[in-house]
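Comments concern the structure below.
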Amino acid sequence: MAADTHVLDKPPEGAAADWTIPQHWAHYTPEEHRTWDTLFERQARLLPGRASDAYLRGLDVLKLSKPGIPDFAELSERLMKLTGWQVVAVPGLVPDDVFFDHMANRRFVAGNFIRRPDQLDYLQEPDVFHDVFGHVPMLADPVFADYLAAYGRGGQRAMELGALKHLGRLYWYTVEFGLIEEAGALRIYGSGIVSSFSESRFALDDPSPNRLRFDLKRVMRTEYRIDDFQQNYFVIPSFDELLRVTVESDFAPLYDEIMALPDIAIAQILPEDNVITEGTQAYARARAPAVVG
């Protein structure tokens, strides 16, 4: 099922109007199942003591340790009983309105393709491993499941208000690259971290990135990059608090306020930031292109 690109501007042939497609689980090749198993095994060894309790519980109750790429129908049956969510296959990245509609209605969209064996360490487009191993265990947690549904509803409103850029940063710094404090230690829960062998270590161990306490307005002003490790991680105190802030905040005036302010550059520290660790930015400097002349 591998393909060169999964960024589309219209539903491909065979897709429903909501962009969903059959997973075609029986079509996966033995090599594709082996790729999943390789990725799963190394992450499953690495994550205990690093991933949040909620993530590890989800990994267990959804029985994701079963060999091979999971069957979305079986996965959805277990999820529905726990939190009312289901997993639906899509051909790749879908338009914003489609994405938010699915999420608001507790349908998590997942690509049905998997990376090639030579792409184990990095893939810019989210594949079935990122989407299922990274995201789905958190959907088994009732509080986080409610947060994602609320985010979907918020996305629909943000589209009307022209604020998708700012709301998208909230998704990036929580759902994709969030940290949580548990029992006095930092743990990972963001899908982009838990599904990445190298960033699972970088996010917690490397001295380079900033680790800042979560603040809604600060997060929605902060730029990010999609093609490398993060240089900012935002730390929530609990999933209950993340849900509370999301549900209780009136986003319309917040968007108005944020749009009148400049964006905050990657790695920038503000005087009012609640800093857990201020990063050295050594990684970012080492990766920066050399200045000539």
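The values are calculated or read from the model by the stated rules, or taken from the named source; none is laboratory data. Being a predicted model, the structure only gives us computed values, none of them experimental. Every residue, glycine as well, gets a Cβ built from its backbone with ideal geometry; the counts of neighbours run over all protein chains shown. Only protein heavy atoms, including side chains, enter the accessible area calculation; ligands, DNA and RNA are left aside. Shrake-Rupley method; radii C 1.70, N 1.55, O 1.52, S 1.80 Å.
Picking from residues in region 29-47 that are under 18 Å from SER200 (Cα atoms), open to solvent by less than 30 Å² (accessible area, probe 1.4 Å) and touching a Leu at 6+ places or on another chain (Cβ under 9 Å), the one that is modelled with the highest pLDDT is LEU47.
Suppose the filter is under 22 Å from ILE180 (Cβ atoms) and touching a strand residue (DSSP E or B) at 6+ places or on another chain (Cβ under 6 Å); does ARG221 pass it? Considered against the rule, which asks whether it is under 22 Å from ILE180 (Cβ atoms) and touching a strand residue (DSSP E or B) at 6+ places or on another chain (Cβ under 6 Å), ARG221 comes out as yes. When we screen ASP228, ASP215 for residues that are open to solvent by less than 70 Å² (accessible area, probe 1.4 Å), under 19 Å from ARG169 (Cβ atoms) and either in contact (Cβ under 8 Å) with a residue 24 or more places away in the chain or touching a strand residue (DSSP E or B) at 6+ places or on another chain (Cβ under 9 Å) (or both), the only hit is ASP228. Any residue in region 269-290 that is among the basic types (Lys, Arg) and within 18 Å of the chain's Cα centre (by Cα)? No, that holds for no residue.
Could you tell me whether region 227-238 includes any residue that is closer than 21 Å to ALA104 by Cβ and among the β-branched types (Val, Ile, Thr)? No, that holds for no residue. Taking the listed residues GLY279, GLY184, the one that is free of Cβ contacts under 8 Å to residues at least 12 places away in the same chain and more than 27 Å from GLU125 (Cα to Cα) is GLY184, with no other qualifying. Output yes when any residue across region 159-180 is open to solvent by less than 30 Å² (accessible area, probe 1.4 Å), β-branched (Val, Ile, Thr), under 12 Å from the mean Cα position of the chain (by Cα) and under 13 Å from PHE99 (Cβ atoms), and no when none is. Yes, because at least one residue in region 159-180 is open to solvent by less than 30 Å² (accessible area, probe 1.4 Å), β-branched (Val, Ile, Thr), under 12 Å from the mean Cα position of the chain (by Cα) and under 13 Å from PHE99 (Cβ atoms).
Going through region 40-95 one residue at a time, which ones are among the small types (Gly, Ala, Ser), over 18 Å from the mean Cα position of the chain (by Cα) and not in a loop (DSSP other than H, G, I, E, B)? If the condition is that a residue be among the small types (Gly, Ala, Ser), over 18 Å from the mean Cα position of the chain (by Cα) and not in a loop (DSSP other than H, G, I, E, B), then ALA73, SER76 are the ones that fit.
Being at pLDDT 95 or above, open to solvent by 50 Å² or more (accessible area, probe 1.4 Å) and over 18 Å from TYR151 (Cα atoms): is that true of ASP240 here? Spelling it out, it is not the case that ASP240 is at pLDDT 95 or above, open to solvent by 50 Å² or more (accessible area, probe 1.4 Å) and over 18 Å from TYR151 (Cα atoms). Would you say GLY152 is open to solvent by less than 20 Å² (accessible area, probe 1.4 Å) and under 24 Å from PHE99 (Cβ atoms)? So GLY152 fits the description; yes.
Just to check your reading of the model, which residue among ARG45, ARG57, ARG78 is free of Cβ contacts under 8 Å to residues at least 12 places away in the same chain and out of contact with any strand residue (DSSP E or B) (no Cβ under 9 Å at 6 or more places or on another chain)? Of the residues listed, the single one that is free of Cβ contacts under 8 Å to residues at least 12 places away in the same chain and out of contact with any strand residue (DSSP E or B) (no Cβ under 9 Å at 6 or more places or on another chain) is ARG45.
Is it true that PRO91 is touching a Pro at 6+ places or on another chain (Cβ under 6 Å) and modelled with pLDDT under 95? Spelling it out, PRO91 is indeed touching a Pro at 6+ places or on another chain (Cβ under 6 Å) and modelled with pLDDT under 95. Residue count for region 207-254 satisfying the condition of being closer than 30 Å to ARG287 by Cα, in a helix (DSSP H, G or I) and out of contact with any helix residue (DSSP H, G or I) (no Cβ under 8 Å at 6 or more places or on another chain): 1.
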